[in-house]
1. Just one of A:Lys57, A:Lys53 is touching a strand residue (DSSP E or B) at 6+ places or on another chain (Cβ under 8 Å), basic (Lys, Arg) and outside the structural domain of A:Gly148 (by TED's automatic domain parsing); which is it?
2. Would you check if there is a residue in region A:217-235 being closer than 20 Å to A:Asp283 by Cβ, in contact (Cβ under 8 Å) with a residue 40 or more places away in the chain, part of a loop (DSSP other than H, G, I, E, B) and not aliphatic (A, V, I, L, M)?
3. Hey, does region A:61-78 have a residue that's within 30 Å of B:Tyr75 (Cβ to Cβ) and acidic (Asp, Glu)?
4. In the set A:Asp387, A:Asp378, which member is surrounded by 14 or more Cβ atoms within 10 Å (Cβ to Cβ) and over 22 Å from B:Cys14 (Cα atoms)?
5. With the requirement that a residue be in a helix (DSSP H, G or I), among the aliphatic types (A, V, I, L, M) and either touching a helix residue (DSSP H, G or I) at 6+ places or on another chain (Cβ under 9 Å) or not assigned by TED's automatic domain parsing to the domain that holds A:Cys385 (or both), what does region A:414-440 give you?
6. I want to confirm something. Restricting to region A:397-425 and keeping residues that are away from every other protein chain (no Cβ under 13 Å) and small (Gly, Ala, Ser), which single residue is surrounded by the most Cβ atoms within 10 Å (Cβ to Cβ)?
7. Do you know which of the residues in region A:439-449 that are aliphatic (A, V, I, L, M) and surrounded by fewer than 17 Cβ atoms within 10 Å (Cβ to Cβ) is nearest to the other protein chains (Cβ to nearest Cβ)?
8. Pull up region A:275-334, narrow it to residues that are among the β-branched types (Val, Ile, Thr) and within 29 Å of A:Leu162 (Cα to Cα), then point me to the one that is farthest from the chain's Cα centre (by Cα).
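The values are calculated or read from the model by the stated rules, or taken from the named source; none is laboratory data. Keep in mind it's a predicted model, so treat the numbers as computed, not measured. As a convention, Cβ positions derive from the backbone with ideal geometry for all residues, glycine included, and neighbour counts pool all protein chains shown.
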Amino acid sequence: MMDAGRHPNITLLTYSEVEAISGYVGNFTARIRKRARSVKEDICTGCGLCQEKCPTKVVDMAFEAGMGKRKAIYRPFSQAIPNIPVIDRENCRFFTQGKCKVCQKLCPTGAIDYEQQDTLLDVQVGAIIIATGFAMWDPMKLPQYSYGLSPNIITGLQFERLTSATGPTGGEILTAEGKKPERVAIIHCVGSRDEHAHLYCSRFCCMYSLKHAHQIRDKTGAQVYDFYMDMRTFGKAYEEFYVRTQDDGVVFIHGRGAEVEVLPDGRLRVKGEDADLGLVAADVDMVILATAIEPQPDADRVASIFGLGRTPDHFFAEAHPKLRPVETATAGVFLAGCAQGPRDVPDTVAHADAAAMQVVRLFNQGEVTISPTVAVVDTARCVGCGDCILACPYSAISRTAEAKAQVNAALCHGCGTCTAACPAGAITALHFTDEEIVAQIDGLLEIVL
Amino acid sequence: MTEPFEPRIVAFLCNWCSYAGADNAGISRLPSPANILPIRVMCSGRVSPEMILRAFRSGADGVLVLGCHIGDCHYIDGNHRTIKRIPLLRNLLGYIGINPERLRLDWVSSAEAPKFAQVTQEFVETVRALGPAAREIGG
């Protein structure tokens with residue numbers, strides 16, 4: 001991330017959103033809204049004094065997953081690039097109550113600007129990579145897991161904060177009561193492979209759950225009960241890690257964790273069915289739910305801006321599931337990472353590399369091969385009525401001085417809508433001419449069923 | 001016993017959504033009837049009324065036009081033309097003695113393999129119940 005921030009050929013636009021795209025492969029124009037962060041980026045040195053002194057604390061639902069707090073002027077996390085804070089205007093005392101300005105008074109360079117407005121940029125780009133990632137599915141949607149009823153029922157992401165050296169406990173695995181847990185249950189496939197939530201496998205939860213089991217054994221020595229349906233350790237060295245976790249003494253229960261019950265004394269009872277033992281239950285101090293991932297909530301909007309298709313799981317559709325995994329139906333727009341479907345870190349890196357190489361290939365060729373399927377005009381027949389000009393979705397057709405239609409082959413996508421509209425039969429979509437289609441109709445109807 | 005009537009149906013499939021949807025139905029091993037005789041066009045907006053009439057003249061018992069959902073057209077709004085043309089043509093079919101039920105327009109995206117199978121099966125049954133088109137046209 002640091003390298004990307006420093007690279008002379010990379011312009012990072014953080015806290016910014018693409019609002020509209022026009023043009024075509026090699027010649028896109030992106031309209032980008034750069035949000036007002038209320039901090040002048042060219043002046044701020046990233047010293048962090050404002051963040052330290054800001055009096056407003058807010059529960060951080062994003063990076064800390066609700067396990068920690070941040071200030072109203074903050075960087076999303078300590079290694080964030082660029083190292084420039086943003087004012088959360090919904091919670092800032094100055095923006096909500098009209099007074100405070102502590103950050104402005106303390107800033108040694110005068111970088112705080114409460115008046116800053118969003119700016120709109122028009123950027124010329126040749127290709128676009130969509131790497132918008134995923135969102136965590138909300139386990140409250142399946143009430144049998146009792147998520148939200150006890151602070152000791154947490155998601156895998158929340159456990160990551162718990163076990164992180166920069167997390168709320170400084171990396172110690174503790175229950176909400178501040179004690180070391182003696183017994184912990186991990187439940188796989190919460191919201192994944194479940195017809196009541198998402199049918200697909202979220203792919204990386206098995207591995208992080210094994211990692212969590214290993215960390216709990218390593219840091220606390222607690223007994224770990226791991227409820228799984230199938231252990232999907234498909235990657236390089238993954239199965240070996242599974243065996244190592246078994247050697248750590250983790251108890252694996254072969255069946256979905258069906259229900260979590262909060263007992264009157266605050267302990268948690270996890271019920272499930274083991275394929276070998278039948279009905280089982282474990283009373284534990286902490287439950288970790290390996291929750292599903294799903295597309296970002298604004299995926300609909302992103303899909304319509306960039307002309308992306310969706311697969312039935314609602315992730316963005318690749319051009320071909322096997323042979324064109326990073327291209328989309330729109331030339332010059334590529335996909336990378338979980339925006340296209342669940343994948344773990346090595347697979348994401350490989351996918352992103354592939355997307356980058358597709359762009360390099362496109363740019364190195366310097367020219368774009370377009371399909372020969374374009375419309376041509378028979379000027380002898382054209383009466384210049386202009387129906388085709390109205391029909392063309394790409395404004396590829398214009399009228400010449402002689403009042404004849406003229407097709408710009410670079411803009412034409414060969415849809416043939418003009419051909420169907422032309423009353424004089426003067427405009428033809430190559431490779432899909434009337435004669436060819438009629439020959440197909442007649443040929444097909446010779447088939448005897 | 002006479003053989004059951006097997007209608008012949010010309011299906012115009014747009015390249016980006018419905019043709020891919022048909023492909024996907026095949027990959028997913030979903031059965032779609034052999035009565036469907038597919039013709040790939042780049043866009044459902046390419047299907048002119050003349051082609052549909054030509055198909056009936058050449059002996060089709062039904063014509064199915066499948067395109068991208070409105071709003072999802074690969075060519076921005078080619079299917080807006082389709083949604084105007086096909087219902088108009090359906091209204092006119094009656095005048096030339098063809099039951100309008102023999103022409104169906106529907107939307108199948110590339111991801112909707114089950115819908116492709118369902119629409120084709122339904123339409124074949126509809127046309128099978130109507131009997132041969134030649135009986136109506138007297139061809």
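1. Within the list A:Lys57, A:Lys53, the selection yields A:Lys57.
2. Here is the first cut: in region A:217-235, the ones closer than 20 Å to A:Asp283 by Cβ are A:217, A:220-228.
Imposing the further condition that a residue be in contact (Cβ under 8 Å) with a residue 40 or more places away in the chain reduces the set to A:220, A:222-228.
Applying the additional criterion that residues be part of a loop (DSSP other than H, G, I, E, B) yields A:220, A:222.
Still in the running and not aliphatic (A, V, I, L, M): A:220.
Yes.
3. Taking region A:61-78 and keeping what is within 30 Å of B:Tyr75 (Cβ to Cβ), we get none.
Looking through region A:61-78, none of the residues is within 30 Å of B:Tyr75 (Cβ to Cβ) and acidic (Asp, Glu).
4. Details: A:Asp387 fails: over 22 Å from B:Cys14 (Cα atoms).
It is A:Asp378.
5. A:Ala420, A:Ala421, A:Ile437, A:Val438
6. A:Ala405
7. A:Leu449
8. A:Val280
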